Amino acid sequence: MFDEIPSRRAPLDQGDSIILLRLTFGVFLVASAISWFRWSAHPLSVSRKISLGEFVLGSWISGVCLLTAKSITPKGNQKRLWGLLITVMLVQLILDVLQ
């Protein structure tokens, strides 16, 4: 009878969550550096400033989560990863609505 019920998915282990946080931190940091150098020849428009701010915000949040990742449980790290993803998506949605 209980064979049909799938088991719950286990949270990411500590190593996997740290790797994912490193990856997101690196992506946001590299994207902010590339956009800064790419747009430095021209004055930054408001939309470019907002995009650069979004990259900086994402790298700051993921950096803080990465610094405290070892002292948090794996389930807590998974919640932080989801929170980071949802925060970035909400910021992007708000910016798209404002534009």
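The values are calculated or read from the model by the stated rules, or taken from the named source; none is laboratory data. Remember, predicted model here, so these are calculated numbers, not experimental data. A quick note on method: Cβ atoms are made from the backbone with ideal geometry, for glycine too, and the neighbour counts reach across all protein chains shown. All accessible areas refer to the heavy atoms of the entire protein, side chains included, with ligands and DNA or RNA removed. Shrake-Rupley method; radii C 1.70, N 1.55, O 1.52, S 1.80 Å.
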Exercise for review: Scan the chain and report its longest stretch carrying no trypsin sites (Lys or Arg not before Pro) that are both in a DSSP loop and have at most 12 other Cβ atoms within 10 Å.
Suggested key: 10-69
Review point. What length, rounded to one decimal in nm, is gained on full extension from Asp13 through to Val27, with 0.36 nm per residue of separation minus their alpha-carbon distance?
Key: 2.9 nm
**Study point:** Along principal axes, Cα extents of the chain, largest first, whole Å
**Key:** 65, 30, 17
Check your understanding: Can you list the HN-Hα couplings for segment 71-85, worked out from phi with the Karplus curve (6.51, -1.76, 1.60; θ = phi - 60°), rounded to whole Hz and with x for Gly and Pro?
Key -> 8, 9, 5, x, 5, x, 5, 5, 5, 5, 4, 5, x, 5, 5
Exercise for review: Might you report the magnitude of the Cβ-based charge dipole of the chain about its Cα centre, with Lys and Arg at +1 and Asp and Glu at -1, to the nearest 20 debye?
Suggested key: 320
Point to revise | Probe 1.4 Å, accessible area per residue of the chain, Å² | key: 76
Practice item. Tabulate in residue order the Karplus-calculated ³J(HN,Hα) for segment 89-99, using 6.51 cos²θ - 1.76 cosθ + 1.60 with θ = phi - 60°, rounded to whole Hz; enter x for Gly and Pro. Key: 5, 5, 4, 5, 5, 5, 5, 5, 5, 5, 7
**Study point:** Spacing of the two label points (7 Å from each Cα toward its C-beta) at Trp36 and Arg48, in nm
**Key:** 1.5
Check your understanding: Each residue of segment 16-33 in turn: what ³J(HN,Hα) in whole Hz from Karplus with 6.51, -1.76, 1.60 and θ = phi - 60°, glycine and Pro shown as x?
Key -> 5, 5, 5, 5, 5, 5, 4, 5, 5, 4, x, 5, 5, 5, 5, 5, 5, 5
Check your understanding: So, by mean Cβ neighbours within 10 angstrom, what's the order for 86-98, 23-35 with the highest one leading?
Key -> 23-35, 86-98
Check your understanding: Carbon and sulfur together cover what percent of the accessible area of segment 3-99 at a 1.4 Å probe radius?
Key -> 69
